[in-house]
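Trainee: Following this message is one structure expressed as structure tokens.
The values are calculated or read from the model by the stated rules, or taken from the named source; none is laboratory data. None of the values given here were measured: they were computed from a predicted structure. Neighbour counts are summed over all protein chains in view; Cβ atoms, including those assigned to glycine, are modelled from backbone coordinates with ideal geometry.
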Amino acid sequence: MRLCWCWSGFRKGQKTINQSFNFIDMKHFKYYCCSFLLMLFFLLGSTPLLAQEDLLNELNSAVGEQTDYTFATFKSTRIINGNSIEQMKTRQLDFRVNHRFGTINGGVYTLFGLDQAFVNLSLEYGITDWLQIGIRRGTYRKTYDGSVKLRLLRQSSGKKVMPVSITYFVDAAVNTLKFTNPNIENTLINRLSFTHQLLIARKFNERLSLQLSPSFVHRNLVNPTEENNTYAVGLGGRYKITRRVGVSFEYFWVGNTAVNADFHNSVSIGVDIETGGHVFQLFLTNSTAMVESAFIPETRGNWLDGGIRFGFNISRVFAF
């Protein structure tokens, strides 16, 4: 009997211990299951985010750093008289009217120069974004000229850094005015003149742009006291006042000129006004001609004695 009682107690104790272990195992099992499910949920939830981040990294690696090109260094293809580095885009045509009145020192008799007028009409067309051709006709010596503008470098930042824009400009002009001097041979060669310019510009910020223009002019026919070749350096700039209004200036220093007190370097200052598709310039200048082979080596006006002219330029761009 005593042995049976011991065996019965042992069985009861074993059952109690088994129940305790089962309770502990079930409790841990539920805990482990909940932990596993939570971990699986976070892993699955973070997988799309990691995939998106990896995709963005791959795209950034494929595209790389972008190159940002500078635009609108100047408002038109001319600063005032001289060329700017701007040119027409592909299949764009610029029709331009350049107008100069007489000198203001004519007084009331000439209405400060308004009785006189010199006009230049031009068409400039963009064959590509980097190549432009142009033709002009001016009343000054009834001159016809044709030009080519070639963009060599463009100011940029980012992946490709270029501190300045550089454009090459070449122009050939023919004087069709009748020769009155019987001693001058009336040939086409004597009527031709040529201009080469390297236009170097930088847009410093949204308001200020400056340009340097080393120039070479060759005239086949000149006065005995003049040289056929003329070397000059132009300095021009623009300062933006408002979104549509800016101030422009231009100065050409000529290194070798005729031994003549009547010659003066070309100086111009004006206001640029943008009105929709038009660019309107109002300015004062001491130059009469509007073609480079004339206003660079042949300016006669003197700012100090009123030998300056009021003028305006109107530009209208058409896209085809």
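Trainee: Of everything in region 236-271, what is touching an Asp or Glu at 6+ places or on another chain (Cβ under 9 Å) and among the polar types (S, T, N, Q)? Give them in sequence order.
Mentor: Ser248, Asn256, Thr257, Asn260, Ser266, Ser268
Trainee: Among the residues of region 114-146 satisfying the criterion of being in a strand (DSSP E or B) and in contact (Cβ under 8 Å) with a residue 60 or more places away in the chain, which is farthest from Gly102 (Cα to Cα)? Explain how you work it out, then say what you get.
Mentor: So in region 114-146, the residues in a strand (DSSP E or B) come out as 117-128, 131-138, 143-146.
Those still in the list that are in contact (Cβ under 8 Å) with a residue 60 or more places away in the chain too: 118, 120, 136, 138, 143, 145.
On the way: Phe118: 8, Asn120: 14, Arg136: 21, Gly138: 15, Thr143: 18, Asp145: 23 Å.
Top of the filtered list is Asp145.
Trainee: A follow-up question, please. Would you check if Phe74 is among the aromatic types (Phe, Trp, Tyr), touching a Ser or Thr at 6+ places or on another chain (Cβ under 7 Å), assigned to a strand (DSSP E or B) and in contact (Cβ under 8 Å) with a residue 60 or more places away in the chain?
Mentor: no
Trainee: Looking only at region 142-154, filter to residues that are of a type in the set (Ser, Thr, Tyr) and out of contact with any helix residue (DSSP H, G or I) (no Cβ under 8 Å at 6 or more places or on another chain); which one of those is surrounded by the fewest Cβ atoms within 10 Å (Cβ to Cβ)?
Mentor: Here the residue is Tyr144.
Trainee: How many residues does region 103-141 contain that are crowded, with 20+ Cβ neighbours inside 10 Å, under 16 Å from the mean Cα position of the chain (by Cα) and β-branched (Val, Ile, Thr)?
Mentor: From region 103-141, those crowded, with 20+ Cβ neighbours inside 10 Å are 103, 113, 120, 122, 124, 126, 132, 134, 136, 138; that's our starting set.
With under 16 Å from the mean Cα position of the chain (by Cα) added as a condition, the list becomes 126, 132.
Add one more test, that the residue is β-branched (Val, Ile, Thr), and what stays is none.
Result for region 103-141: 0.
Trainee: If a residue must be hydrophobic (A, V, I, L, M, F, W, C) and assigned to a strand (DSSP E or B), how many such residues does region 78-113 contain? Steps first, please.
Mentor: First, pick out the residues of region 78-113 that are hydrophobic (A, V, I, L, M, F, W, C): 79-80, 85, 88, 93, 95, 97, 101, 104, 108, 111-112.
Of the ones still in play, those that are also assigned to a strand (DSSP E or B) are 93, 95, 97, 101.
Residues meeting the conditions: 4.
Yes or no, residue by residue, for (1) within 23 Å of the chain's Cα centre (by Cα); (2) part of a strand (DSSP E or B); (3) not aliphatic (A, V, I, L, M):
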residue: Tyr231; (1), (2), (3): no, yes, yes
residue: Phe252; (1), (2), (3): yes, yes, yes
residue: His264; (1), (2), (3): no, no, yes
residue: Gly270; (1), (2), (3): yes, yes, yes
residue: Ile273; (1), (2), (3): yes, yes, no
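Trainee: Related question: Scan region 228-271 for residues that are among the hydroxyl-bearing types (Ser, Thr, Tyr) and free of Cβ contacts under 8 Å to residues at least 40 places away in the same chain and jot them down.
Mentor: Tyr231, Tyr239, Thr242, Tyr251
Trainee: Same structure, new question: Tell me, please, whether a residue that is charged (D, E, K, R), under 23 Å from Thr176 (Cβ atoms) and either buried (at least 16 other Cβ atoms within 10 Å of the Cβ) or in contact with a strand residue (DSSP E or B) (Cβ under 7 Å, 6 or more places away or on another chain) (or both) can be found in region 91-102.
Mentor: yes
Trainee: Going residue by residue through region 220-227, is there one that turns out to be under 26 Å from Ser84 (Cα atoms), in contact (Cβ under 8 Å) with a residue 12 or more places away in the chain, in the same structural domain as Thr257 (by TED's automatic domain parsing) and of a type in the set (Asp, Glu)?
Mentor: There is no residue in region 220-227 that is under 26 Å from Ser84 (Cα atoms), in contact (Cβ under 8 Å) with a residue 12 or more places away in the chain, in the same structural domain as Thr257 (by TED's automatic domain parsing) and of a type in the set (Asp, Glu).
Trainee: How many residues does region 272-316 contain that are free of Cβ contacts under 8 Å to residues at least 40 places away in the same chain and in contact with an Asp or Glu (Cβ under 6 Å, 6 or more places away or on another chain)?
Mentor: Counting residues in region 272-316 that are free of Cβ contacts under 8 Å to residues at least 40 places away in the same chain and in contact with an Asp or Glu (Cβ under 6 Å, 6 or more places away or on another chain) gives 1.
Trainee: Can you tell me which residue within region 183-211, out of those that are surrounded by 15 or more Cβ atoms within 10 Å (Cβ to Cβ) and hydrophobic (A, V, I, L, M, F, W, C), is farthest from the chain's Cα centre (by Cα)?
Mentor: Looking at the filtered set, the residue picked out is Leu192.
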